[in-house]
Amino acid sequence: MPGREYAYFYVTGPGTHEAVTDILDLAPTTARNVGEVDPSTGRPCRFMRWELHSGLEHSAPLIQHIDNLFLYLGTRSNELRSLWLEYDLTLQAVGYYSDSHGLHLSREHVRKAAALGVALDLDLYTTDA
């Protein structure tokens, strides 16, 4: 049984997260500019980061998190394409499991990621139960 699964989309690159918000016309779940303290590490950020979380509970299946994000991102496809030359766009998926686990991304998932210029970063961990 999965302990928790989640996914989020993030943008990194030059400038400020406010500029990314303006381009996407979408409020981030969390965002930090260079020099601001990252609450997860307590250290100043070395780069701008803009994040959008899936909006689902960590108990939802990982593929649902990914589908939710593609739903949000699909409404901003032109805006994302305007970012992909200067910024890194990544969909991050994370799962923690008590035993070995895999993730299947359909051809449609891969096609959507490619069309939006979004990299996929998939982290699946086995943890002690």
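The values are calculated or read from the model by the stated rules, or taken from the named source; none is laboratory data. What you see is a predicted model, and the numbers here were worked out from it, not measured in a lab. Using ideal geometry, Cβ is built from the backbone for each residue, glycine included, and neighbour counts are taken over all protein chains shown.
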Task: Lone unmet requirement of (1) modelled with pLDDT of 95 or more; (2) in a helix (DSSP H, G or I); (3) over 19 Å from G13 (Cα atoms) for Y72 - done: (1)
- [ ] Within the stretch 45-61, track down each residue that is of a type in the set (G, A, S) and touching a Phe, Trp or Tyr at 6+ places or on another chain (Cβ under 9 Å).
- [x] S54, G55, A60
Task: Extreme residue, modelled with the lowest pLDDT, among residues of the stretch 95-126 that are closer than 14 Å to A7 by Cα and assigned to a loop (DSSP other than H, G, I, E, B) - done: L103
